[in-house]
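The next block holds one structure in the form of structure tokens; read it before the comments.
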Amino acid sequence: MKKLGLIILTTLLLISCKSNPQSIPEGAWTYDLIVNGIKAGTAFVIIDETDDLYITKNEMSLKMGTMENTTLQIVTETKDFKPVKLETYNTIKDSSSGISQKVSRIALFEGNNIKLKSDGYETVINMESPFILDGNFFFKELMKSGFKKGTRIEAQIYEPSVEMDSTILVIVDVAGREKVKIGSEELDLIHVKQRVEQLKIVDMYLNDEGVMEKAVIKMLNNVFELVRVQ
């Protein structure tokens, strides 16, 4: 009976030691990029916080054959998640021909008004309804719920690479905690699912600090994996 009581107590202590993220993580993280089971590049995530803003940088470098594609996205938003600036820079290089192509897209926001600059062209767009950027809004909302299993958050985001003059529905669900193997370690992680309307499905696995350890992205009949480099 004493042994059984000790086992139960130990189990309860282990459960109580598990904690959910208490704040939006700040820092820089590096990931291996795996495409359809083959390592094909590297990705970087940087989250900075200033007095008034969150700045999130996502960079991905993908090499397939002689082609190398590097994409950098910078999301700038206020502390209450109002859009300020969205920058996307894409570079494509062909080592066989030496040809390099650069494409940039910058969106500036004032309320529902958007000034979109794309390779020398400028467009002004007015949205009828409020929207957010794909930055830290969802994380903050999930944090409020304690990352409780079954929590669902929905919001309209602006992503001009998909739709220039309309928003996209994004749905985020908490699937609960799961044991996930990262390298040689098995980690107890929070599983969060993100569904971007008719575009992609993302399974993210977060540690207790809210840092993503792994992501599986299903898009365009391909499977992309991001695995954190320790």
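Note on the stretch 40-67: residues that are charged (D, E, K, R), at pLDDT below 95 and under 18 Å from Leu226 (Cβ atoms) amount to 1.
Among the residues of the stretch 159-178, those that are assigned to a loop (DSSP other than H, G, I, E, B) and either under 18 Å from Ile47 (Cβ atoms) or not aliphatic (A, V, I, L, M) (or both) comprise Glu159, Pro160, Ser161, Glu163, Asp165, Ser166, Thr167. Across the stretch 126-158, the qualifying residues are those that are surrounded by 20 or more Cβ atoms within 10 Å (Cβ to Cβ) and in a loop (DSSP other than H, G, I, E, B), and the one among them that is farthest from the chain's Cα centre (by Cα) is Phe147. For first residues located in the stretch 162-176 and in contact (Cβ under 8 Å) with a residue 60 or more places away in the chain, partners that are assigned to a loop (DSSP other than H, G, I, E, B) and surrounded by 15 or more Cβ atoms within 10 Å (Cβ to Cβ) and lie 6+ apart or on another chain with Cβ distances below 8 Å do not occur.
Within the stretch 102-124, identify whether any single residue is small (Gly, Ala, Ser), under 13 Å from Glu159 (Cβ atoms) and either touching a residue at least 24 places away in the same chain (Cβ under 8 Å) or in contact with a strand residue (DSSP E or B) (Cβ under 7 Å, 6 or more places away or on another chain) (or both), and answer yes or no. Checked the stretch 102-124: at least one residue is small (Gly, Ala, Ser), under 13 Å from Glu159 (Cβ atoms) and either touching a residue at least 24 places away in the same chain (Cβ under 8 Å) or in contact with a strand residue (DSSP E or B) (Cβ under 7 Å, 6 or more places away or on another chain) (or both). From the list Lys57, Lys79, Lys85, Lys93, the one residue that fits, being in contact (Cβ under 8 Å) with a residue 24 or more places away in the chain, under 20 Å from Gly27 (Cβ atoms), surrounded by 13 or more Cβ atoms within 10 Å (Cβ to Cβ) and charged (D, E, K, R), is Lys79. Candidates in the stretch 164-180 are the residues that are surrounded by 13 or more Cβ atoms within 10 Å (Cβ to Cβ) and of a type in the set (D, E, K, R); of these, the one that is farthest from Glu197 (Cα to Cα) is Arg177.
The values are calculated or read from the model by the stated rules, or taken from the named source; none is laboratory data. Because the structure is predicted, anything quoted here is derived from the model rather than measured. Glycine gets a Cβ as well: all are built from the backbone with ideal geometry, and neighbour counts include every protein chain shown.
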